[in-house]
1. For segment 16-44, how many residues meet the condition of being of a type outside the set (A, V, I, L, M, F, W, C), in a loop (DSSP other than H, G, I, E, B) and over 26 Å from Met1 (Cα atoms)?
2. How many of the residues making up segment 131-161 are surrounded by 23 or more Cβ atoms within 10 Å (Cβ to Cβ), free of Cβ contacts under 8 Å to residues at least 60 places away in the same chain and either touching an Asp or Glu at 6+ places or on another chain (Cβ under 7 Å) or farther than 18 Å from Gly183 by Cβ (or both)?
3. Starting from segment 25-45, take each residue that is touching a residue at least 40 places away in the same chain (Cβ under 8 Å) and list its partners that are among the small types (Gly, Ala, Ser) and within 13 Å of the ligand (Cβ to nearest atom), counting only C-beta distances under 6 angstrom and pairs at least six apart or across chains.
4. Name the single residue that is surrounded by the fewest Cβ atoms within 10 Å (Cβ to Cβ) among those in segment 186-226 being of a type in the set (A, V, I, L, M) and in contact with a Pro (Cβ under 9 Å, 6 or more places away or on another chain).
5. In the set Ile8, Ile40, which member is hydrophobic (A, V, I, L, M, F, W, C) and within 11 Å of the ligand (Cβ to nearest atom)?
6. What number of residues within segment 149-188 are within 15 Å of the ligand (Cβ to nearest atom) and part of a loop (DSSP other than H, G, I, E, B)?
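Quick note: the coordinates plus some simple rules give every number you see, no bench work behind them. All figures in this text were calculated on a predicted structure; none of them were measured in a lab. Here the Cβ positions follow ideal geometry from the backbone for every residue, glycine too, while neighbour counts run over all protein chains shown.
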Amino acid sequence: MPELGVNIDHVATLRQARRTYEPDPVWAAAMAELGGADGITVHLREDRRHIQDRDVRLLNETVTVKLNLEMACTDEMTQLAIEIQPEQVSLVPEKREEVTTEGGLDVVTQRDRVATVVDALRSCGIEASLFIDPVEDQIRASADLGVAAVELHTGQYALAKGAKQERELELLQKAGEAVVASGLRLHAGHGLNYQNVGPVASIPSMHELNIGHAIVARSIFVGFQQAVREMKELL
Ligand code: PXP
């Protein structure tokens, strides 16, 4: 059974809509833990549109399961991660104008930058996971950097319907095999919800799924703890 990393960014999105103190992502993390979350994921964006530095610092003190910090490969973020020391850092591409993370990290063309960040994190005992598209070249380049894990981008699968979704699932299954054969831990995420998570959770050796929007959306109606519990049951 894959572990569930609950991404609580959009709890902070709601708070930032009013620049107020509620809802607090720290409370959401506690509720997620009570609902059975195996990890808490936050993306500290360079533009600080949702999660704030204060959230990451407090979560690092209060979260008792794995804290996974998503961030861009910048010097500023690397310094922050080294200072805060989360259990895991997920490196993602970041564009200011995007609504959400659009594609995977291009480890092939940005090898040197990614390697610098991965090495800096490793020397401080922080595991790195690379968020990549389910593509052979990207998997090989990630394995060459000696990272602990890769997170396969499930966005195309989540957006597709019918036969196209089947093809996207096959790509994820094939990529999953290559990840495991390379000796890396297999993670996946983006766009997963209560309807489409099953086949991805069933990919052999799937270790961790990071899911945010669907859980936060459902939590408005059923409560955070319950929304997490329902996702956990599906896994
Ligand atoms: N994994 C990564 C690397 C992400 O950037 C995101 C979105 O922040 C997610 C997982 C979660 O995606 P969603 O909110 O669509 O579940």
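1. Within segment 16-44, the first condition is being of a type outside the set (A, V, I, L, M, F, W, C), and the residues that meet it are 16, 18-25, 33, 35-36, 38-39, 41, 43.
Within this subset, residues satisfying the condition of being in a loop (DSSP other than H, G, I, E, B) are 18-24, 35-36, 38.
Right, trim to over 26 Å from Met1 (Cα atoms) and you get 18-24.
Residues meeting the conditions: 7.
2. 3
3. Close Cβ pairs satisfying both conditions: Gly39/Gly5; Thr41/Gly5.
4. So in segment 186-226, the residues of a type in the set (A, V, I, L, M) come out as 186, 188, 192, 197, 200-201, 203, 206, 209, 211, 214-217, 220, 222.
So of that shortlist, the ones also in contact with a Pro (Cβ under 9 Å, 6 or more places away or on another chain) come out as 186, 188, 200-201, 203, 206, 209.
On the way: Leu186: 24, Ala188: 28, Val200: 25, Ala201: 17, Ile203: 22, Met206: 22, Leu209: 27.
If we take residues in segment 186-226 being of a type in the set (A, V, I, L, M) and in contact with a Pro (Cβ under 9 Å, 6 or more places away or on another chain), then Ala201 is surrounded by the fewest Cβ atoms within 10 Å (Cβ to Cβ).
5. Values: Ile40 fails: within 11 Å of the ligand (Cβ to nearest atom).
Only one candidate qualifies: Ile8.
6. Qualifying residue count for the region: 2.
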